[in-house]
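Enquirer: Here's a structure for you.
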Amino acid sequence: MIIIAERINGMFKDVKQAIADKDKKVVQDLAKKQTEAGASYLDVNVGTASADQEGTMQWLVETIQETCSTPLCLDSQKPNVIAAGLKSVKAGAAVMLNSTPLNKKSDEQVLDKYIEMAEQAGPKASIIALTMDKNGVPQDIDTRVAIAAEIVQKAMEKGFDTQRLFIDPIILPVKVPGAQVQPGNIMAAMDQIRYLADPAPHMTIGLSNLSQGATERSLINRTFLAMAVSHGLDSAIIDVLDEKLMNVLATAELLMNKQIYSDSYLRAYSPANK
Ligand code: THG
């Protein structure tokens, strides 16, 4: 499982405040804590409050890299914000360019831009593309799969290795009226998306979206995570500081034969439990 840690996101009050105050310590502590807890990548999202998104992205990247070398997952739907972050990412480092839709009304070429930036960033750069287009986020299975197919096709046309492509079928809060069919739809979509390329494209989700506003957040997150792993989810943006979630993840991967069984598999899987 390629684990992307969600916490360095201006959506959280402490990070938002740290950005406003240029307080490095808050960001660096989160980078270190999430790395120790088993993050393969650190998501970096400036949130919506900051006026200078490019400058904020750059500041976050530099601040994190001063204290740890965990690869970063630059998270923005704006190519210029990703480009700003990439300027500060150490040359040759693994990096993810997260959150391009297939296309936007304001930018038909947005996916092409992400692919070009990833190519320029070197062989260890990958992309997370959302099954979303200029009409928004689809609610049904077929449109998700159709958009994923267009994304995969575009990557192939551009000679971009599909092993560097992560498809995100976009999970939405289950609490929203009418949204309860979506977790099932996501799994049904993943059952088809995995056959769009051989080897299959990676698949990821922003897990915490699912439980926004709900009381049993961690329980909802970890239950769905186990279910989604059984449908081929091989990456996720998650709260790595949630130990119960990390243990469910290790166990789900064990049961799907992705990890070898040993009595100490929890310790073997997650550095957090050592
Ligand atoms: N797909 C991809 N990238 C993504 C998302 C996705 N990046 C952002 C987001 N979605 C994933 N990350 C988060 C981070 C935090 C929360 C949800 C998803 C969250 N935050 C609290 C809330 O809104 O309740 C903030 C509370 C606080 O301030 O403490 O739930 O889907 N590719």
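Please treat every number below as a calculation from the coordinates, not as lab data. These numbers come from a predicted model, not from an experiment. Quick reminder, even Gly has a Cβ in these numbers, built from the backbone with ideal geometry, and neighbours come from all protein chains shown.
Enquirer: To the nearest 20 Debye, how big is the dipole of the chain about its Cα centre, given +1 on the beta carbon of each Lys and Arg and -1 on that of each Asp and Glu? Spell out each step's value before the answer.
Expert: Details: 28 positive and 33 negative charges, 88 e Å.
I would put it at about 420 debye.
Enquirer: Same structure again: Taking only DSSP H segments of four or more residues, each worth -39500 (n - 2.57), what value at 222 nm results for the chain once the sum is divided by all its residues, to the nearest 500 deg cm²/dmol?
Expert: Details: 10 runs with 117 residues, N = 274.
Roughly -13000 deg cm²/dmol at 222 nm, from the helical runs in the chain.
Enquirer: Something else about it: What lysines could a cross-link reach from residue 258, if we take a straight Cα to Cα line under 23 Å and drop same-chain neighbours fewer than 8 places away?
Expert: Those lysines meeting the cut-off are 124, 244, 274.
Enquirer: Between residue 119 and residue 181, what is the label-point separation in nm under the 7 Å Cα-to-beta-carbon projection?
Expert: Spacing of the two 7 Å Cα→Cβ label points: 4.0 nm.
Enquirer: Right, something else. Share of antiparallel DSSP beta bridges in region 86-208, in percent to the nearest 5?
Expert: Working: 1 of 12 bridges.
If we restrict to bridges inside region 86-208, about 10 percent are antiparallel.
Enquirer: Kindly provide the pair-distance distribution of the chain built from C-alpha pairs, with 10 Å bins from 0 and whole-percent values in order of increasing distance.
Expert: 7, 30, 38, 23, 3, 0
Enquirer: Stretched out fully, how many nm does the piece from residue 20 to residue 214 gain, at 0.36 nm a residue minus the Cα gap?
Expert: Working: separation 194, 0.36 × 194 = 69.84 nm, distance 2.84 nm.
Difference between extended and current length: 67.0 nm.
Enquirer: How high is the relative contact order of the chain, given as a whole-number percent (alpha carbon pairs under 8 Å, six or more residues apart)?
Expert: Details: 498 pairs, mean separation 44.1, N = 274.
16 percent.
Enquirer: Okay, moving on. Using only the Cα atoms of region 172-274, what semi-axes does the equivalent ellipsoid have when each is the square root of 5 times a gyration tensor eigenvalue? Give whole Å, largest first. Mind showing how you got there, number by number?
Expert: Values: eigenvalues 107, 77, 19 Å².
One finds semi-axes of 23, 20, 10 Å for region 172-274.
Enquirer: Starting from the alpha-carbon convex hull of region 57-132, give the projected area averaged over all orientations, in nm².
Expert: Values: hull surface 18.3 nm².
Projected area, direction-averaged: 4.6 nm².
Enquirer: Go through 167-174, 47-54, 244-251, 13-20 and give me the packing order, highest mean Cβ count within 10 Å leading.
Expert: On the way: 167-174: 22.1, 47-54: 14.1, 244-251: 19.8, 13-20: 16.4.
The most tightly packed comes first, giving 167-174, 244-251, 13-20, 47-54.
Enquirer: Relative to 2.2 N^0.38 Å, what does the C-alpha radius of gyration of region 102-144 come to as a ratio? Two decimals please.
Expert: Details: Rg = 12.2 Å, N = 43, 2.2 N^0.38 = 9.2 Å.
Output field value: 1.33.
Enquirer: Something else: Take every Cα pair under 8 Å in region 219-274 that's 6+ residues apart, average their separations, divide by the length, and report that relative contact order as a whole percent. Walk me through the intermediate numbers first.
Expert: Values: 34 pairs, mean separation 17.9, N = 56.
Reported relative contact order: 32 percent.
Enquirer: Which of the pairs 104/154; 90/158; 104/175; 33/113; 24/87; 13/134 have their Cα atoms more than 21 Å apart in this structure? Write down the numbers at each step before the final one.
Expert: Numbers: 104/154 15 Å; 90/158 25 Å; 104/175 27 Å; 33/113 33 Å; 24/87 19 Å; 13/134 30 Å.
Cα-Cα > 21 Å for 90/158; 104/175; 33/113; 13/134; rest within.
Enquirer: Along the Cα→Cβ direction, 7 angstrom out, place labels at residue 80 and residue 163. What is the inter-label distance in nm?
Expert: For the pair residue 80/residue 163, the computed spacing is 3.6 nm.
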